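The structure under discussion appears below in the form of structure tokens.
Every number here is computed from the coordinates shown, using simple stated rules; none is lab data. Please read all numbers here as calculations on a predicted model, not as lab measurements. Cβ: placed from backbone, ideal geometry, glycine included. Neighbour counts: every protein chain shown.
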Amino acid sequence: MQKFAHDTVVPFKNSELSKKQQIAAMFDKIAFRYDFLNRFLSAGIDVSWRKKAIKQLQTLQPKYILDVATGTGDVAILAEKMLHPVKITGIDISEGMLDIGRKKIQKLGLQNKIELLKGDSETMNLADNSFDAITVAFGVRNFQNLENGLTEMLRVLKPGGKLVVLEFSRPKQFLFKNFYNLYMKTIAPGFGKLIAKNKDAYQYLNDSVQRFPEGTDFINILNKAGYTSSYYKALTLGICTIYCASK
């Protein structure tokens, strides 16, 4: 399997733990402030990004959806509201994030529609060809091996099914790019330290975004992994990108 530059980016540079273990530990630590920081650091725009990603599945009308790197279940909950599938399964490696997600789902009375499971996106304990659609919001950067994760998702996707990936990207417009870089390198880690008592998580966010293969590079990786009909849409001056591909 090919290794990509961002595969080697880890939250805790002096740790001997694998990237996968470090990611789980990092999200366990910031879970209690994760939703708040998402809204705060993006000025609430992240909600509209998720909605736009889910809209890519409206014509497909999927009955069974897998939400990979589900975290606190934001995408799973939105997908249930927007698409009304039979069932959504969410998987994540952070028990801390899943605990918060399960409480949100219970409060909304959606426990019969959405199930959150602890699981590794690169070795999923799920049957072949079992989901009509797969969503991943801000999760593929965190895979220990991107190619492994993509091929595993392709395995559990039904023929004719669709993958929708939402991921951070780097703005190209000169003035905005400079502001964005300042924000990601200095302001976001500062707020991460102040609010979540964890600067490393938001430093890792910037480091991994800077090294992630975006745009046509990611489309080429999807195609190489075996996906078809791949395309992407940049959002908010290129801060974020939606990638779609089919099986």
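Of all residues in segment 79-108, those satisfying the criterion of being farther than 17 Å from residue 132 by Cα, buried (at least 17 other Cβ atoms within 10 Å of the Cβ) and not polar (S, T, N, Q) are 92, 93, 96, 97, 98, 100, 101, 102, 104, 105.
The single condition among (1) touching a residue at least 24 places away in the same chain (Cβ under 8 Å); (2) outside any strand (DSSP E or B) that residue 241 does not meet is (2).
For segment 1-24, which positions are under 15 Å from residue 202 (Cβ atoms) and more than 15 Å from the chain's Cα centre (by Cα)?
At the first step, the residues of segment 1-24 found to be under 15 Å from residue 202 (Cβ atoms) are 9-13, 22-23.
Of everything in segment 1-24, those that are under 15 Å from residue 202 (Cβ atoms) and more than 15 Å from the chain's Cα centre (by Cα) turn out to be 9, 10, 11, 12, 13, 22.
Residues in segment 96-123 that are under 16 Å from residue 20 (Cβ atoms) and in a loop (DSSP other than H, G, I, E, B): 119, 120, 121, 122, 123. For segment 91-102, the criterion of being out of contact with any helix residue (DSSP H, G or I) (no Cβ under 6 Å at 6 or more places or on another chain), hydrophobic (A, V, I, L, M, F, W, C) and under 23 Å from residue 242 (Cα atoms) is satisfied by at least one residue. Of the residues making up segment 1-42, those that are under 16 Å from residue 138 (Cβ atoms) and either of a type in the set (Gly, Ala, Ser) or not in a helix (DSSP H, G or I) (or both) are 9, 11, 24, 31, 42.
Condition first: farther than 30 Å from residue 12 by Cβ, surrounded by 19 or more Cβ atoms within 10 Å (Cβ to Cβ) and touching a residue at least 60 places away in the same chain (Cβ under 8 Å). Can you find one or more residues in segment 212-227 that meet it? Within segment 212-227, one or more residues are farther than 30 Å from residue 12 by Cβ, surrounded by 19 or more Cβ atoms within 10 Å (Cβ to Cβ) and touching a residue at least 60 places away in the same chain (Cβ under 8 Å).
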